[in-house]
Amino acid sequence: MNRTTATATEQFEFPEIYSFPPFFTRQPAEATWQEQRRLWCNLVLSFYRHTRQHTMTLSEAVLSPPFHNYQIKRILRVDVLREIVDELVKQGNAVWVGPKHTKDMCLVFWRKPEEWAAMIHQWVTDRGMINTVLTVYELTNGDDTGDQEFSGLDTVVLRRALDILQSQGKAQLFVGSSDDDLGVKFFA
Amino acid sequence: MEAERAALSSKGTELAQREISKLQEQITVMRNNLEEFVRDHQKDIRSNPVFRVQVQRMCQVIGIDPLASRKGYLAELLGVGDFYCELGIQIIDVCVATRALNGGLIEVEELRRRLEKRRIRGSEPVIEEDIKRAIKQLAPLHGGYRIVSFGDRKMVKSVGRELNLDQTTVLGLAVRGHFTLQDVQSGLGWDTDRIQTCVDDMLRTGIVWVDEGTKETEYWVPAFSIKSM
């Protein structure tokens with residue numbers, strides 16, 4: 001966990017159930033587990049939104065908050081977290097990435113790619129930059145985008161958003177020599 | 001002899017009737033006074049929960065339950081018919097919304113906090129006494145809403161199925177929030193099968209959650225431990 005994430009963790013307001021030790025043990029009763037899983041899904045999304053994280057490596061994630069609660073010394077097991085991510089995937093709030101069978105890495109969509117796509121397109125329109133070619137780097141790290149929610153957006157998530165715009169005929173991607181060189185032209 | 005008895009009996013009836021009509025007259029007077037009193041203090045009754053309870057106690061002493069019927073003239077005057085009806089619905093709301101979390105058992109104080117949070121700002125404050133009354137009002141619905149005590153902790157039970165004696169006993173032991181199988185054994189001297197059956201039943205209904213994050217497995221009662229923000 002880097003320093004910005006650590007500070008963000010301190011400011012995050014955890015729900016009351018977070019200090020309830022059994023929250024970190026998968027409950028045997030199906031109805032209880034469904035409720036527990038629902039609460040975990042909400043927590044993952046709000047925590048990742050708060051710390052602006054988009055990727056999760058499960059085996060590493062369980063070492064730190066929110067999956068490790070230092071105060072009450074409880075850790076969520078990786079296999080339980082995997083079930084929670086499976087649920088997020090089912091809801092369309094995450095996708096598994098990397099080798100399929102390992103299920104160790106995922107993207108967390110605290111905003112769906114469709115929402116990012118609409119947000120970016122709106123911003124480009126507002127700036128009168130329709131029909132201009134921009135680099136992906138300018139979009140997420142440019143001086144103009146500093147206060148935008150998509151500033152610093154994970155490249156994989158961004159690529160998904162741009163792909164959506166392209167399929168809607170609202171953007172055209174130009175692949176350069178590397179991912180950073182990716183250029184994009186927006187249409188109204 | 002016959003005639004005498006008949007005359008006596010008729011005299012008796014007459015006396016009794018006179019007595020009854022006199023009583024009815026008194027009740028009417030009392031009722032009128034009560035109505036007048038309630039009308040004069042309607043605002044205080046609605047806004048001041050302590051006063052509201054006092055007026056209700058007074059009604060009870062005279063043997064009048066303002067909530068006996070929803071069309072009751074006193075309930076209407078007191079404005080309490082609507083108050084408790086509304087509160088009852090809100091109680092059901094909170095209990096249903098938290099059921100998956102606590103298995104249908106919630107501490108009265110916690111319920112009160114959640115009710116206050118849910119109610120529109122500026123509405124009358126709710127006290128424990130109000131909750132008790134509102135729950136009594138829910139009885140005809142056969143929803144199983146009941147207040148049960150564990151030690152000095154008062155809980156609202158909102159599921160139809162009853163807690164059996166073993167479960168109640170174990171919950172009584174768990175008032176500080178959690179327990180181990182060993183706690184139950186040393187506290188109650190039950191055999192392992194009996195304890196396991198009891199705990200498994202409560203796990204299944206969600207009244208108890210298991211914590212395997214310690215050396216010895218612990219069982220927690222969310223209704224005793226989780227407080228709303």
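Can you name the helices (runs of 4 or more DSSP H) wholly within the range B:25-100 that have at least 3 residues being modelled with pLDDT under 70?
Once the helices (runs of 4 or more DSSP H) in the range B:25-100 are filtered for at least 3 residues that are modelled with pLDDT under 70, what remains is B:49-62, B:73-78.
Among the residues making up the range B:180-209, those that are surrounded by fewer than 20 Cβ atoms within 10 Å (Cβ to Cβ) and under 24 Å from B:GLU109 (Cα atoms) are B:LEU203, B:THR205.
Working only within the range A:106-129, note down all residues that are of a type in the set (A, V, I, L, M), over 13 Å from A:GLN53 (Cα atoms) and in contact (Cβ under 8 Å) with a residue 12 or more places away in the chain. Give the steps one after another, and end with the answer.
The first filter runs over the range A:106-129 and keeps only residues of a type in the set (A, V, I, L, M), leaving A:107-108, A:117-120, A:124, A:129.
This time we only want the ones that are over 13 Å from A:GLN53 (Cα atoms), so: A:117-120, A:124, A:129.
Selection gives A:ALA117, A:MET119, A:ILE120, A:VAL124, A:MET129.
Out of all the residues in the range B:206-213, is one or more farther than 18 Å from A:LYS73 by Cβ and in contact with a helix residue (DSSP H, G or I) (Cβ under 6 Å, 6 or more places away or on another chain)? The answer is yes; a qualifying residue exists.
The set of residues from the range B:93-110 being closer than 11 Å to B:SER158 by Cβ and crowded, with 17+ Cβ neighbours inside 10 Å comprises B:VAL94, B:CYS95, B:THR98, B:ARG99, B:ASN102, B:GLY103, B:GLY104, B:LEU105, B:ILE106. Regarding A:VAL136, is this residue closer than 22 Å to A:ALA161 by Cα, at pLDDT 95 or above and buried (at least 18 other Cβ atoms within 10 Å of the Cβ)? So A:VAL136 does not fit the description; no. Whenever a residue of the range B:197-211 is touching a residue at least 24 places away in the same chain (Cβ under 8 Å) and within 7 Å of chain A (Cβ to nearest Cβ), its partners that are surrounded by 19 or more Cβ atoms within 10 Å (Cβ to Cβ) and charged (D, E, K, R), lying with C-beta atoms within less than 7 angstrom and at least six residues away or across chains, give the pairs B:ASP211/B:GLU218.
Can you find a residue in the range A:62-69 that is part of a helix (DSSP H, G or I) and either away from chain B (no Cβ under 14 Å) or modelled with pLDDT of 95 or more (or both)? Steps first, please.
Applying the first criterion (part of a helix (DSSP H, G or I)) to the range A:62-69 yields none.
No, the conditions are met nowhere in the range A:62-69.
The values are calculated or read from the model by the stated rules, or taken from the named source; none is laboratory data. Quantities reported herein were computed from a predicted structural model and do not represent experimental measurements. Cβ sites come from the backbone with ideal geometry, for glycine too, and all protein chains shown count toward neighbours.
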